[in-house]
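> Before anything else, here's the structure in question.
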Amino acid sequence: MNKRDFALALMIVTAWGVNFTVIKLGLHDVPSMLLAALRYLATAFPALLFIKPPAVAWRYTIGFGLTVGLGQFACLFYAIEIGMPAGVASVVLQSQAFFTFLFAAMTLKEKIQSRQILGLMVGILGLYFIGGISGTTGMSEIPLGGLLLTIVAAASAGFSNIVIKLAYKSSAAEGQKLDMLSLVVWSSLVPIIPMLGIALALDTPQTLLAAVQNMDLKAILAVLYIAYVATLFGNATWSELMAKYPVTQVAPISLLVPITGLITAQIVLAEYLNLWQWLGCFVILFGLVIMNFGMTPLRLLMRKK
C-alpha cells in the first residue's frame with residue numbers, strides 16, 4: 001500500500017473510532033433505530049440527486065445496504081442503546097477483520113500468508129488486553145445482549161467487505177469502473193424503511209415523532225457526523241481501498257479503530273482505560289506492523305546491524 005492510501009486508511013479508522021462516542025451521545029435523546037434511519041436518510045439525500053447509480057448490478061447495491069445497514073449498524077446502534085460501552089464496542093466490532101479473513105478464504109479463495117496469521121494472533125492478544133478483560137473498570141460491565149449484537153455487527157461488516165470486492169470484480173468484468181461513493185449513497189436507501197419498521201416495533205409513533213421534534217444541536221450534529229464523516233467519507237474511501245488492494249492487506253488496519261475509540265470514550269464519556277488496555281493498544285500496533293510490512297521492528301533493527 002502506498003503512503004497516500006495508508007494515510008487515508010489512518011484518517012478513516014480515526015473517524016470511525018470517534019464515531020462510537022458520537023453514536024453514544026446521539027442516543028441520549030434519540031432511539032437507536034430512529035437515529036440509524038436518520039443517519040442513512042442524511043447519507044442518501046441530497047447526494048443521490050447529484051450522484052448517478054453505481055455501475056453494478058443492483059444485487060450488490062442491495063447486498064451492501066443490507067450487510068452494512070441492517071447487519072452492522074442496526075445491531076451496533078441497538079447494542080449501544082441497551083448498555084454496550086462505546087469504547088468496548090469499538091474493540092469488539094474490529095473482530096470484523098477476522099470474519100473478513102474467513103469469508104475471503106471461503107468465497108474469494110484468497111490465501112493468507114504466515115506473516116498475516118502471526119499478525120492476527122498478535123492482534124487477538126491486543127484485543128484481549130484492550131477489552132479490559134484483565135482489569136476491573138466500569139467498562140467491564142458489558143450486557144450479554146449488547147456483546148452478542150456487536151459480534152453480529154462485526155460479522156456483517158466482514159461480509160460487506162466481500163460484497164464490495166465482488167461488486168468491483170463484476171463491474172470490471174463489464175468494462176466499468178465502480179464508483180464506491182455512488183455505491184455508498186445509493187445503498188443507503190436500502191436500510192431506511194426496515195429501520196423505521198423496527199423503530200415502530202420498539203417504540204410508539206408518538207415517541208418517535210416527539211424525538212424528532214425535540215432533537216437538540218448535539219443530536220443533529222451526531223447525525224451529520226455519522227452520515228457525512230463516518231459514512232460518506234469513511235465508507236466510500238475505505239471501499240476504494242478494499243477494491244484496490246487485497247482484502248487481507250486492508251482489513252487488518254481496522255484494528256486501529258479501538259485505539260481512537262477508547263481514547264475518545266475516555267475523554268468524552270469517562271470510560272477510562274486501565275494498564276492492560278493501554279498495553280493492548282501497543283500490541284495491536286505491533287500486530288499491524290507484522291501484517292502490513294512483513295517483518296517486525298526487531299528484525300529491522302537486526303538487519304541494520
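> Keeping all protein chains in the complex and leaving out DNA, RNA and ligands, what accessible area do you get for Ser160 with a 1.4 Å probe, in Å² to the nearest 10?
Surface accessible to solvent at Ser160 totals approximately 10 Å².
> Compute the accessible area per residue over the chain, keeping the other protein chains in place, probe 1.4 Å, unit Å².
Computed with neighbouring chains in place, this is 45 Å² per residue.
> Helix-only estimate, please: 222 nm mean residue ellipticity of the chain, summing -39500 (n - 2.57) across DSSP H runs of length 4 or more and dividing by its residues, to the nearest 500.
After summing the helix terms and dividing by residue count, I get -20500 deg cm²/dmol.
> While we're looking at this one, here's another question. Take each of the peptides 200-206, 64-70, average the number of other beta-carbon atoms within 10 Å over its residues, and list them starting from the highest.
For the peptides 200-206, 64-70, the packing ranking is 64-70, 200-206.
> Further question on the same structure: Suppose the Debye formula is applied to equal point scatterers at every Cα of the chain; what is log10 I(q)/I(0) at q = 0.12, 0.15 Å⁻¹?
-0.77, -1.19
> What does the charge count near Tyr225 come to, summing +1 for each Lys or Arg and -1 for each Asp or Glu among other residues with Cβ under 13 Å from its Cβ?
+3
> Turning to a different aspect of this structure: A 29 angstrom limit on the alpha carbon distance is what I want to check against. Which of Lys218/Lys244; Lys109/Lys177; Lys3/Lys177; Lys24/Lys169; Lys52/Lys111 exceed it?
From the list (Lys218/Lys244; Lys109/Lys177; Lys3/Lys177; Lys24/Lys169; Lys52/Lys111), the Cα-Cα distance tops 29 Å for Lys218/Lys244; Lys24/Lys169; Lys52/Lys111.
> Continuing with this model, one more query. Quick one: what are the phi-derived ³J(HN,Hα) couplings along segment 146-161, Karplus 6.51/-1.76/1.60 with θ = phi - 60°, whole Hz, x for glycine and proline?
Per-residue couplings from phi come out as x, 5, 5, 5, 5, 5, 4, 4, 5, 5, 5, 5, x, 5, 5, 4 Hz.
> Computing the accessible area with a 1.4 Å probe over protein heavy atoms, can you report the carbon and sulfur percentage for the chain?
70 percent
> Something else about it: Please name which of Ser95, Ile151, Ala167 has its Cα lying farthest along the dipole of the chain towards the positive end, using unit charges on Cβ (Lys, Arg +1; Asp, Glu -1) and the Cα centre as origin.
It is Ala167.
The values are calculated or read from the model by the stated rules, or taken from the named source; none is laboratory data. If you're wondering where the values come from, they're calculated on a predicted model, not measured in any experiment. We place every Cβ from the backbone using ideal geometry, glycine too, and count neighbours over all the protein chains shown. Calculation scope for accessible area: heavy atoms of the full protein, side chains included, ligands and nucleic acids excluded. Shrake-Rupley method; radii C 1.70, N 1.55, O 1.52, S 1.80 Å.
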